[in-house]
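Each reported figure results from applying straightforward, stated rules to the coordinates on display, with no laboratory input. Since this is a predicted model, take the numbers as computed values, not measurements. All Cβ positions, even for glycine, are placed from backbone atoms using ideal geometry, and neighbour counts span all protein chains on display.
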Amino acid sequence: MNILVSGGTGYIGSHTCVELIQAGHDVVIFDNLSNSKVDVLDKIEEITGKKPKFYQADMRNAQELAPIFQENKIDGVIHFAGLKAVGESVAMPWEYYNNNICGTLNLISEMKKAGVNKLVFSSSATVYGDPAFVPITEECPLGVTTNPYGETKKMLERILMDFQKANPDWHIMLLRYFNPIGAHESGLIGEEPNGIPNNLMPYIMQVAVGKLPMLRVFGDDYDTPDGTGVRDYIHVVDLALGHVAVMKKFEDQPGVYIYNLGTGIGYSVLDIVKAFEKANDIKIPYQVVERRPGDIATCYSDPSKAEKELGWKTKFDLEQMCVDSYRFARKMLNTAI
Ligand code: NAD
Ligand code: WQD
């Protein structure tokens with residue numbers, strides 16, 4: 001297929017482009033580069049031997065999207081583009097609603113004009129809020145989100161469901177990602193957050209390479225085995241492969257399909273610290289501090305629907321996630337020097 005990947009130079013997008021190309025698909029990327037760098041395209045070429053066609057375009061501006069559909073015969077769109085920092089979304093709600101919601105509405109309009117009716121949307125486990133039960137199946141009721149970022153995901157899921165009802169020939173896949181970590185084994189692409197990271201693994205990576213002195217563990221009094229928060233960490237390459245698996249689902253009946261993409265295993269913050277230390281033979285100093293507002297105790301998936309219907313199952317374990325994260329962190333540091 002000829003796939004348009006929005007946000008394709010970003011963290012999950014770049015890994016997905018690699019796996020799509022390696023599976024024989026053609027890829028066109030657009031990104032406004034607000035949270036990624038154009039040299040990711042060279043890295044994708046280094047890994048796959050193919051450089052995707054690229055448009056620097058902002059989805060808030062429909063005029064920047066139109067030429068992409070005019071100049072390429074697009075079969076389907078994987079829509080990663082969006083702002084994703086939880087704390088920033090609390091400080092800048094207008095920017096988040098405008099970027100994520102208006103941008104997606106523009107993208108749908110341009111798809112409609114071009115007669116493209118296949119869409120994969122990057123949703124998030126955040127739509128379950130504090131989940132009603134774990135492991136979380138797709139039937140778990142959506143919860144109360146605690147920040148504008150999460151709300152954009154919930155709203156966009158609703159918008160896309162309503163839209164599909166009114167446009168029954170559309171194929172819409174809502175993929176709810178759990179916690180992606182790790183990097184491509186080449187060490188060429190990975191997650192490069194701006195400033196001090198908010199998420200656990202990017203923070204540990206910076207402690208590991210000496211850029212930050214120690215990890216702060218946000219609370220050890222949760223109702224979990226060791227008191228620290230439990231999450232479903234998934235290797236970003238497994239997540240990328242989930243998107244490749246979803247491509248086949250486009251051959252089925254039109255409709256809205258929802259899948260959790262996770263491993264089904266919950267690890268605590270201290271499990272992650274210990275696994276990282278063991279896998280990389282390095283010490284990660286940490287200190288337990290107050291809980292972080294808005295955090296929940298436990299969140300992990302039941303990924304069996306994706307396994308049954310997509311034939312997709314994760315293959316990388318936590319050790320591999322830690323090894324690949326550290327490799328990328330060291331490469332990033334060397335490039336920065
Ligand atoms: P990322 O920031 O690395 O990638 C997103 C890309 O979108 C960036 O390259 C950015 O420049 C681009 N972008 C943002 N606004 C744009 C706009 N208006 N026009 C064009 N491009 C724009 O983030 P990621 O981690 O790769 O996440 C990809 C998607 O997956 C996002 O929608 C995110 O909300 C979702 N998601 C991420 C996680 C996670 O933990 N990383 C979890 C669940 C869901
Ligand atoms: C994981 C665990 C923290 C940092 C967020 C978004 C969610 C999704 C993924 C996109 C928690 C603890 C963290 C640190 C810590 N993104 N922690 N010290 O909160 O599960 O999810 O990213 O959709 O929407 O909310 O991920 O990596 O921030 O935290 O102790 O410095 O690590 O308290 O228990 P989270 P995270």
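With K and R counted +1 and D and E -1, the other residues having a Cβ less than 11 Å from that of Gln70 yield a net charge of 0.
A simple charge model with +1 on the Cβ of Lys and Arg, -1 on the Cβ of Asp and Glu and nothing else charged puts the dipole of the chain at about 420 debye relative to its Cα centre. Taking 45 Å as R0, compute the FRET efficiency from the Cβ-Cβ separation of Asp169 and Lys315 and round it to 0.05. Calculated value: 0.85.
Per-residue extension of 0.36 nm, minus the Cα-Cα distance of Arg158 and Thr48, leaves a gain of 36.0 nm for this segment. When the chain is described by a simple charge dipole with +1 on each Lys and Arg Cβ and -1 on each Asp and Glu Cβ, the residue from Phe80, Leu310, Pro52 located farthest towards its positive end is Pro52. Once the C-beta distance of Val288 and Leu212 is scaled by a Förster radius of 22 Å, the resulting FRET efficiency is 0.85 to the nearest 0.05.
For the chain, DSSP calls about 5 percent of its internal beta bridges antiparallel. Counting only lysines at least 8 places from Lys84 when in the same chain, those with an alpha carbon closer than 22 Å to its own are Lys37, Lys153, Lys154. Considering only Ala245, Ala66, Ala132, the Gaussian network model of the chain with Cα springs below 10 Å gives its largest mean-square fluctuation to Ala132. Would you mind getting the Kirkwood hydrodynamic radius of the chain from its Cα pairs, rounded to one decimal in Å? Final number for the Kirkwood radius of the chain is 20.3 Å. Ordering of 308-316, 57-65 by packing is 57-65, 308-316, highest average first (other Cβ atoms within 10 Å, averaged per residue). Between Ile196 and Met1, the modelled label-to-label distance comes to 4.2 nm, taking each label 7 Å out from Cα in the direction of the beta carbon.
Entry note, the chain: the mean residue ellipticity at 222 nm calculated from DSSP H runs of n ≥ 4, each adding -39500 (n - 2.57), is -12000 deg cm²/dmol after division by the residues and rounding to the nearest 500. Less than 5 angstrom separates the built amide H of Thr137 from those of Asp302, all sequence-distant by 5 or more or on a different chain.
Phi-derived couplings, Karplus 6.51 cos²θ - 1.76 cosθ + 1.60 at θ = phi - 60°, listed residue by residue for the range 54-64: 10, 10, 7, 9, 10, 5, 6, 10, 4, 5, 7 Hz, with x used for Gly and Pro.
For the chain, the relative contact order works out to 19 percent when only alpha carbon pairs closer than 8 Å and six or more residues apart are counted.
Placing a label point 7 Å from the Cα of Glu185 along the Cα-to-Cβ line, the residues of the range 205-239 whose backbone N sits under 17 Å from it are 235-239. Amide hydrogen proximity for Ala81: with H placed 1.01 Å from N in the peptide plane, the residues at 5 or more positions away or on another chain lying under 5 Å are Ser6, Gly7.
Our coupling estimate for the range 18-26, obtained by passing each phi through the Karplus curve with A = 6.51, B = -1.76, C = 1.60 and θ = phi - 60°, is 4, 5, 5, 4, 5, 8, x, 8, 9 Hz, Gly and Pro reported as x. Beta bridges per DSSP, both residues in the range 185-337: antiparallel share near 25 percent. Residues in the range 1-30, backbone N under 18 Å from the label point at Glu71 (7 Å along the Cα-to-beta-carbon vector): list them, ranges by number please. Under cut-off, by backbone N: 2-9, 26-30.
What order do you get for 106-116, 146-156 when each peptide is scored by the mean count of other beta carbon atoms within 10 Å, highest first?
The packing order, highest mean first, is 146-156, 106-116.
Per-residue Karplus couplings for the range 129-137, computed as 6.51 cos²θ - 1.76 cosθ + 1.60 with θ equal to phi - 60°, are listed in order as x, 7, x, 5, 7, 10, x, 7, 8 Hz, Gly and Pro entered as x. For Tyr257, the residues whose modelled amide H falls within less than 5 Å of its own, excluding neighbours fewer than 5 places apart on the same chain, are Ile172, Met173, Leu174. Taking the chain as a Gaussian network of alpha-carbon nodes connected by springs under 10 Å, the highest mean-square fluctuation of the residues Leu212, Leu175, Leu83 belongs to Leu212.
Spin-label pair Asp39-Gln56: with each label point 7 Å from Cα along the Cα-Cβ axis, the two points sit 1.5 nm from one another. For the range 183-234, what log10 I(q)/I(0) values come out of the Debye formula at q = 0.19, 0.21, 0.31 1/Å, with one point per alpha carbon and no solvent? Here log10 of I(q) over I(0) equals -0.80, -0.91, -1.21.
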